[in-house]
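In what follows, a structure is listed as structure tokens, so that the remarks can point back to it.
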Amino acid sequence: MTLVLDPLSPALLACLDHAYIDGQWLPVTGSERLPVIDPSRETVVAGLTGATGADLDRAVAAARRAFPAFAATSVAQRIAWLERIEALMQERAEALARMLTLEMGAAISHARAAHVPFAIAHVRAAIDVLAAYPFETLRGTTATVREPIGVCGLITPWNWPLYQITAKVAPALAAGCTIVLKPSELSPLNAIMFAQILHDAGLPAGVFNLVNGTGPEIGGAMASHPDIDMISITGSNRAGVLVAQAAAPTVKRVTQELGGKSPNVLLPDADFETVVASGVMTAFRNVGQSCSAPTRMIVPRDRLAQVEALAIAAVAQIRMGDPLDEGTVLGPIANQAQFNRVQEMIEAGIADGARLICGGLGRLEGLSQGFYARPTVFSGVTADMRIAQEEIFGPVLSIMAYDDVDEAVALANDTVYGLGGHVQSRDLEQARAVARRIRTGQVHINHPAWDAHAPFGGYKRSGNGREYGLPGFEDYLETKAIVGFA
Ligand code: NAD
């Protein structure tokens, strides 16, 4: 097959009713049409045919057959494949970025600067971890051997689609596992391009398989599949729980990267002129559709008026509109259902008595088509309100006030989630002390650069397991003790 280089090239369109199984694009046996919608124009850009359980069985069987030989490949061989994947992703970076803009509305500048390079960075991180990993260690007479867990079912969401795919696929391949990937049915086209990259990188047939379809049908069948050894899902809590329930009878390993309601604690000594604006931008990055978006800004009560003024000024600077325009910072919400959810939560904020200080219900002024939500900030938000507790997944920020640092920490920890967290302070020691008290899988001090090796995942209902870097790689390994080895 020719290279899938351009969004909606004939080669890509030919893959829409196929699954990538055992090194080939095979027609799926299903008939359900799944439309892919450009959220900036509300037009159907492609129609996918959903796979069936029978297609999934073929993919799992291929992965199962490929596993023994792939698990036995050398570290050097796997590094060579991963480096080829990294190079091909770099070569096709612009086409990947354009595809993300088309199918989930990422602003092209953001797709180029974050979605695609960060996705590639996961591949590089997996190579670096693999190159130095001690698969066999000895303690006394016992050897501890780490081995690939087997066939991995990987289920990914639409919000950072390619990034979430490589965060799972790269470490799984590095570990020596074989894979069946089911991306989100709402943004599946980048996954088709990615599958073609793995094909062109020369991975052995059956090592990587792609099956498109809906969550309940294909994702559910993966979770309960007796020949899948591990399932890793990134998505909503609802889907994460269903996957764990479906997986339980086969006792497979389940890792879950789920929702969040992350706090951003501004300590009294922070440079408010800077950190309020950066806090707003971090919360609204990717139009707020990030699991770890810091959507609760927790600020000293005596600075509330200043924070509100600075937040309004920061929102006024955001350029929102056509994601293909290079000057656009935020494009539309990625799909209609999510746009409706954002509207529902803005209504809830108003109904619960929060003070709307900018934005609000409806579409961005002047735009009659496209799922453009208005960047919205509420102040006077209290912990009992829905907008303080529930993930919104849109450009909606809740400002909450505290009287002392203990109250700030208590507010930060007062949700069922525990994914991300932020602390802002000029005093690093103080920031570290607060970071240690926040019960989340990551805490960022003063908006540091993104780190592909920093373990990522949730405390509490934000998930189980860790992705990225060393722990993300080790999630794909089994542990065997050989006692009497020495
Ligand atoms: P979603 O739960 O609707 O879908 C995620 C994936 O799960 C999709 O591939 C979907 O088809 C599949 N799925 C849905 N129902 C399923 C079922 N019953 N069985 C098996 N699979 C099923 O989530 P979404 O709307 O695509 O993504 C947004 C959510 O993902 C947010 O809650 C966000 O916080 C979360 N997320 C978490 C992380 C993280 O790393 N913690 C990262 C990104 C997104």
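No value in this document is a laboratory result; all are computed from the given coordinates. Everything numeric here is computed off the predicted structure, so don't read it as measured data. In this analysis, Cβ positions are derived from the backbone assuming ideal geometry, glycine residues included, and neighbour counts consider all displayed protein chains.
Of the peptides 286-294, 318-326, the order by per-residue mean of other Cβ atoms within 10 Å, starting with the highest, comes out as 286-294, 318-326.
Counting only residues at least eight positions apart within a chain, or on another chain, the aspartates and glutamates with an alpha carbon under 14 Å from that of Lys480 are Glu136, Glu147. Taking the longest Cα principal axis of the chain as reference, the axis of helix 161-175 is set at about 40 degrees. Listed from fewest to most Cβ neighbours within 10 Å, the set Lys252, Lys480 follows the order Lys480, Lys252.
Within a straight-line Cα-Cα reach of under 22 Å, Lys261 can be paired with the following lysines, leaving aside sequence neighbours fewer than 8 residues apart in one chain: Lys460.
Here the alpha carbons of the chain define both size measures, Rg and Dmax, at 22.5, 74 Å.
Of all lysines in the structure, those lying under 24 Å Cα to Cα from Lys182, and not within fewer than 8 positions of it along the same chain, are Lys168, Lys252.
Calculated mean residue ellipticity at 222 nm for the chain: -11500 deg cm²/dmol, from DSSP H runs with n ≥ 4 weighted as -39500 (n - 2.57), summed, divided by the residue count and rounded to 500. Each Cα pair under 8 Å and six or more residues apart adds its sequence gap; the mean of these over the residue count of region 263-451 is a relative contact order of 27 percent.
Placing unit charges on each Cβ (+1 for Lys and Arg, -1 for Asp and Glu) gives the chain a dipole about its Cα centre, and among Thr49, Leu173, Ala97 the Cα reaching farthest toward its positive end belongs to Leu173. Going from the fewest other Cβ atoms within 10 Å to the most, the residues Thr479, Thr156, Thr52 appear in the order Thr479, Thr52, Thr156. Karplus-derived 3J(HN,Hα) values for region 439-453, using 6.51 cos²θ - 1.76 cosθ + 1.60 with θ = phi - 60°, are 8, 9, x, 9, 10, 9, 9, 6, 6, x, 5, 4, 10, 5, 9 Hz; glycine and proline are entered as x. The chymotrypsin sites (Phe, Trp or Tyr not before Pro) of region 361-422 include none that meets both criteria, a DSSP state outside H, G, I, E and B (loop) and at most 11 other C-beta atoms within 10 angstrom of the site's C-beta.
With contacts taken as Cα pairs under 8 Å at a separation of at least 6 residues, the chain carries a relative contact order of 18 percent. Report the one residue of Pro263, Ala201, Phe473 whose Cα lies farthest in the direction of the positive end of the charge dipole of the chain (charges on C-beta: Lys and Arg +1, Asp and Glu -1; origin at the Cα centre). Checking the options against the dipole of the chain, the answer is Phe473.
Exposure proxy for Ser109, Ser425: other Cβ atoms within 10 Å of each Cβ, ordered fewest to most, give Ser109, Ser425.
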